[in-house]
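Each remark here refers to the structure printed beneath this line.
The values are calculated or read from the model by the stated rules, or taken from the named source; none is laboratory data. Note that this is a predicted model, so its numbers are computed, not measured. Note that we place each Cβ from the backbone using ideal geometry, even for glycine, and neighbour counts take in every protein chain shown.
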Amino acid sequence: MERQNLFAPWRMQYIRSIDKPAASGSGCFLCDAAGCPDDVQERRRRVILWTTPLSVVVMNLYPYTNGHLLIAPRAHKAELEDLTSEEMLDLERQTAAGVKLLKRTVSAQGFNIGINIGRCAGAGLPGHIHQHIVPRWSGDVNFMDVLGEVRIVPEAISQLYDELLEEIKKDGSL
């Protein structure tokens, strides 16, 4: 049997970015998102869905699956115990709003929600705590992920970003 290759060139940007400071800004993409000016093009480039006085909600540029969101405190804090009660509450409120949005927009049937604390636990950005929302659907685990260690994301991030923003505008209650 001849070996076949599946190319995912977008992954190289992620691989090269590991442990390197950002080209501009603080070196922390979540801090940069939290401090982003209210400029539509810049927010789109950073895939920022919304912010609150205490939190920022962004799409994951290297998603586990379609609609993978990240919710983070605006403050650069590494540990749960570093968060104030208000920051913790807002983190969970924004997580609930993200779940609501994904149910309506991508018809998610379930969710994996969690925080990776520390590099050994899988944190890609161990210095700025953030919560993941990973939407799931019945039967969405297929042979590509299990056998090929490849994930298939069925929609471009830019297209889903537009759909999520449209739904946020419609609802207004997020």
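Couple of notes before you dig in:
- Picking from residues in the range 52-69 that are of a type in the set (Val, Ile, Thr) and buried (at least 19 other Cβ atoms within 10 Å of the Cβ), the one that is nearest to the chain's Cα centre (by Cα) is Val58.
- Restricted to the range 125-172, and to residues there that are of a type in the set (Val, Ile, Thr) and more than 13 Å from the chain's Cα centre (by Cα), the residue that is modelled with the highest pLDDT is Ile168.
- If you go through the range 39-91 and keep only what is closer than 12 Å to His132 by Cβ, touching a Leu at 6+ places or on another chain (Cβ under 8 Å) and β-branched (Val, Ile, Thr), you end up with Val57, Val58, Ile71.
- Any hit, the range 29-50, residues being under 30 Å from Gly110 (Cα atoms), aliphatic (A, V, I, L, M), in a strand (DSSP E or B) and touching a residue at least 40 places away in the same chain (Cβ under 8 Å): yes
- For the range 70-99, the set of residues classified as outside any helix (DSSP H, G or I), among the charged types (D, E, K, R) and surrounded by 16 or more Cβ atoms within 10 Å (Cβ to Cβ) consists of Arg74, Lys77, listed by residue number.
- Some residue of the range 103-122 being in contact (Cβ under 8 Å) with a residue 40 or more places away in the chain and under 12 Å from the mean Cα position of the chain (by Cα): no
- Test: Gly127 is on the phi < 0 side of the Ramachandran plot and part of a loop (DSSP other than H, G, I, E, B): yes
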